[in-house]
Number of protein chains: 2
Amino acid sequence: MSTCDQCVVRNRSICAALDENEIKLLNSIGRRRNLTAGESLIWEGEDSVLVANVIEGVLKLSTGTEDGHEQIVGVVYPSDFIGRPFGATTGYGVTALTDARVCVFSRRDFDGFAREHPSLGQKLLERTLGELDRTRRWMLLLGRKSASEKVASFLLELMERLVEPGCKVVFDQPSRQLELPFSRQQIADVLGLTIETVSRQLTRLKVEGTIGLPSRREVVIRNLDALVAGAG
Amino acid sequence: MSTCDQCVVRNRSICAALDENEIKLLNSIGRRRNLTAGESLIWEGEDSVLVANVIEGVLKLSTGTEDGHEQIVGVVYPSDFIGRPFGATTGYGVTALTDARVCVFSRRDFDGFAREHPSLGQKLLERTLGELDRTRRWMLLLGRKSASEKVASFLLELMERLVEPGCKVVFDQPSRQLELPFSRQQIADVLGLTIETVSRQLTRLKVEGTIGLPSRREVVIRNLDALVAGAG
DNA sequence: TTGGCAATTTGACTTCGGTCAATGGCAAAG
DNA sequence: CTTTGCCATTGACCGAAGTCAAATTGCCAA
């Protein structure tokens with residue numbers, strides 16, 4: 001019995017496209033790996049050597065300008081796919097925001113497997129198209145939204161993503177409380193703002209009663225309508 | 001003999017994955033269509049009903065916020081693929097910037113064809129991954145670059161894209177002159193700026209001698225190094 | 001050629017968000 | 001329990017880009 005049978009994301013990740021035999025085969029070329037918060041899996045600019053599925057945890061994809069600024073260009077959650085198949089160099093680094101567990105494959109092995117199993121390629125294509133959609137919505141946020149709209153949009157997107165299972169960091173539905181997998185600096189890097197502006201916007205939302213901030217890493221949504229209205 | 005034989009983008013578009021018989025089949029479910037500058041092919045928010053290949057011309061993908069601001073989230077050139085296969089709604093509109101010629105397919109027909117011809121799906125996947133890479137680089141620009149860096153980066157990217165064949169709008173290598181497929185407002189919508197800021201940055205580059213502006217729709221690169229340095 | 005119109009440029013002023021600096025608070029280590 | 005250090009918050013100020021308004025340009029049609 002392969003370890004995949006008990007995998008939390010077996011039916012939501014790209015593996016859902018595969019039957020029992022295929023999954024055994026894929027399992028044989030991959031291996032589990034645990035990451036601690038802050039640990040990197042892939043570095044910006046290196047040749048793409050590995051790809052992975054996220055089993056548990058949250059990871060960021062990020063690039064930097066030469067003058068030291070960083071921009072987070074993507075955030076991945078359990079069942080998401082990481083990496084750049086088909087022989088390109090990765091334009092961004094991948095780093096764990098929380099402790100995480102991933103299922104890694106050598107890019108070369110994975111490419112071969114994908115070519116021999118079109119159903120996997122198909123799933124990967126659908127996933128990539130979805131990711132492109134999400135990234136483009138994010139561009140609208142970066143290009144046209146104000147700081148307050150950015151922060152509100154960020155909290156809403158986070159909420160949606162954290163309800164999905166496998167996130168250690170849960171969004172507790174009844175209490176509407178969520179645990180932030182991001183530091184203030186990281187939120188700033190997602191939104192193209194500074195840490196000070198993020199802090200000011202969050203305290204403003206708190207003072208207005210829209211949200212509560214029990215601790216640095218927790219947010220309570222007190223007035224969802226107001227948050228949606230503020231997201232622009 | 002199918003019309004595809006003389007197609008300029010036959011070997012660069014996703015069609016390059018197909019053999020003679022397959023291409024005849026694909027051709028039978030598609031049709032050519034001419035667009036005049038400003039004409040839309042797909043509207044934001046509608047169900048995805050058609051997909052297409054760009055044969056000639058330049059088109060924009062764009063979304064708007066409710067308060068009237070627009071953000072261009074992608075620009076497509078000859079041989080690029082347009083649209084959202086596999087049954088989602090399109091999150092952005094597609095509009096011709098120049099007169100253009102495209103090869104359109106009903107999304108439903110195309111989906112079926114793609115599922116039966118994995119090599120096409122494979123090409124589409126590679127293309128989509130590349131597009132995602134380019135979009136993420138663009139996010140860095142939107143989130144972290146200053147107005148002057150944005151404008152310089154824009155001109156450089158445009159230059160690279162316009163050397164490829166099939167662009168009526170040519171980048172004339174020796175004279176380093178390029179014809180802009182964008183109005184000032186559209187440049188602003190690409191970069192997340194206002195029309196005034198774009199105009200000011202362009203005149204600054206002209207005064208500095210980095211570029212020349214023979215007419216509203218033409219740019220001459222006079223000092224490439226300076227432009228690269230200014231792109232951040 | 002001229003008039004009209006839209007696009008662009010330019011100028012004056014405002015504002016949002018960035019920068020710099022000081023303070024506060026929490027958590028791990030001693 | 002105290003110390004230490006990081007992260008976050010808060011405040012004062014500044015500047016880049018936005019806004020509003022006017023002038024200019026170039027283009028098309030009459």
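The values are calculated or read from the model by the stated rules, or taken from the named source; none is laboratory data. What you see is a predicted model, and the numbers here were worked out from it, not measured in a lab. Here Cβ is always computed from backbone atoms with ideal geometry, including for glycine, and neighbour counts include all displayed protein chains. With ligands, DNA and RNA removed, areas are computed over all heavy atoms of the protein, side chains included. Shrake-Rupley method; radii C 1.70, N 1.55, O 1.52, S 1.80 Å.
Scan the stretch B:178-219 for trypsin sites (Lys or Arg not before Pro) in coil per DSSP, keeping those whose Cβ has at most 16 other Cβ atoms within 10 Å, and list them by number.
B:Arg216, B:Arg217
Got a sec to turn the phi values of the stretch B:52-69 into Karplus ³J(HN,Hα) couplings, 6.51 cos²θ - 1.76 cosθ + 1.60 with θ = phi - 60°, whole Hz, x for Gly and Pro?
Values, residue by residue: 7, 10, 7, 9, 8, x, 10, 10, 10, 10, 9, 10, x, 7, 4, 8, x, 6 Hz.
Rounded, prolate or oblate, given the Cα gyration tensor of the protein assembly as shown, with a/c below 1.5 counting as rounded?
oblate
Ignoring ligands, DNA and RNA, how much accessible area is buried between chains B and A, both sides summed, with a 1.4 Å probe, to the nearest 100 Å²? Intermediate values should be presented prior to the final figure.
Working: alone 11830 and 11830 Å², together 19930 Å².
Summing both chains' loss of accessible area gives about 3700 Å².
Using a 10 Å cut-off around each Cβ of peptide B:59-66, what is the average number of partner chain Cβ atoms that fall inside?
Mean shielding count: 2.
Are there GluC sites (Glu not before Pro) in the stretch B:1-101 that DSSP puts in a loop and that have at most 12 other Cβ atoms within 10 Å, and which ones? Mind showing how you got there, number by number?
Details: sites: B:Glu20, B:Glu22, B:Glu39, B:Glu44, B:Glu46, B:Glu56, B:Glu66, B:Glu70; in loops: B:Glu39, B:Glu44, B:Glu46, B:Glu66.
Loop-located and lightly packed - B:Glu46, B:Glu66.
Would you calculate the separation in nanometres between label points at A:Arg134 and A:Ser146, each defined as 7 Å from the Cα along the Cα-to-beta-carbon direction?
2.8
With every protein chain left in place, what is the accessible area per residue of the protein assembly as shown in square angstrom, probe 1.4 Å?
43
Express the relative contact order of chain A as a whole percentage, based on alpha carbon pairs under 8 Å and six or more residues apart in sequence. All intermediate terms of the calculation are to be shown ahead of the outcome.
Values: 394 pairs, mean separation 45.4, N = 232.
Computed over chain A, the figure is 20 percent.
Could you order A:Ile29, A:Ile211 by accessible surface area, starting with the largest, using a probe radius of 1.4 Å?
The most accessible residue leads, giving A:Ile29, A:Ile211.
What does the helix-only formula give at 222 nm for the protein assembly as shown: each DSSP H stretch with n ≥ 4 adding -39500 (n - 2.57), the total divided by the residues, and the result rounded to the nearest 500 deg cm²/dmol?
After summing the helix terms and dividing by residue count, I get -12500 deg cm²/dmol.
In nm, to one decimal, how far is the modelled label at B:Glu164 from the one at A:Phe86, with both set 7 Å along Cα→Cβ?
Output for this residue pair reads 1.3 nm.
Taking 22 Å as R0, compute the FRET efficiency from the Cβ-Cβ separation of A:Ile195 and A:Thr65 and round it to 0.05.
Plugging the Cβ-Cβ distance into 1/(1 + (r/R0)^6) gives 0.85.
At 7 angstrom along the Cα-to-beta-carbon line, where would the label on A:Glu22 sit relative to the other copies? Give the distances in nm, shortest first.
Listed shortest first, these distances are 1.8 nm.
How large are Rg and Dmax for the stretch B:145-230 when only the alpha carbon atoms are used, in Å?
11.9, 33
What shape does the stretch A:111-156 have by the C-alpha gyration tensor, where a ≥ b ≥ c are the square roots of the eigenvalues, rounded means a/c under 1.5, and otherwise prolate means a/b greater than b/c and oblate the rest?
prolate
Restricting attention to the stretch A:28-121, which chymotrypsin sites (Phe, Trp or Tyr not before Pro) occupy a DSSP loop and are surrounded by at most 12 other Cβ atoms within 10 Å? Intermediate results must be reported in sequence, preceding the final value.
Values: sites: A:Trp43, A:Phe81, A:Phe86, A:Tyr92, A:Phe105, A:Phe110, A:Phe113; in loops: A:Trp43, A:Phe86, A:Tyr92.
Filter output for the stretch A:28-121: A:Trp43.
Can you figure out the FRET efficiency of B:Asn21 with A:Glu46, using R₀ = 41 Å and their beta-carbon distance, to the nearest 0.05?
E(calc), rounded to 0.05, equals 0.50.
Could you state the number of Å between the C-alpha centres of the stretch A:1-51 and the stretch B:9-88?
Here the two parts' Cα centres lie 33 Å apart.
What does the structure give for B:179-192 when I average, per residue, the other chain Cβ atoms found within 10 Å of the residue Cβ?
1
Tell me the Kirkwood hydrodynamic radius of the stretch A:3-138 in angstroms, computed as one over the mean inverse distance between distinct C-alpha pairs. Walk me through the intermediate numbers first.
Working: mean 1/r = 0.0655 Å⁻¹.
Mean inverse Cα-Cα distance, inverted, gives 15.3 Å.
Two decimals is fine: what is log10 I(q)/I(0) at q = 0.08, 0.12, 0.14, 0.18 Å⁻¹ for chain A, from a Debye sum with one equal scatterer on every Cα and no solvent?
At q = 0.08, 0.12, 0.14, 0.18 Å⁻¹ the computed log10 ratios are -0.32, -0.70, -0.93, -1.38.
Explain nothing, just compute: Karplus ³J(HN,Hα) = 6.51 cos²θ - 1.76 cosθ + 1.60, θ = phi - 60°, for every residue of the stretch A:116-133 in order, whole Hz, x for Gly and Pro.
Calculated HN-Hα couplings, in order: 7, 10, x, 5, 5, x, 4, 4, 5, 5, 4, 5, 5, 4, x, 5, 5, 4 Hz.
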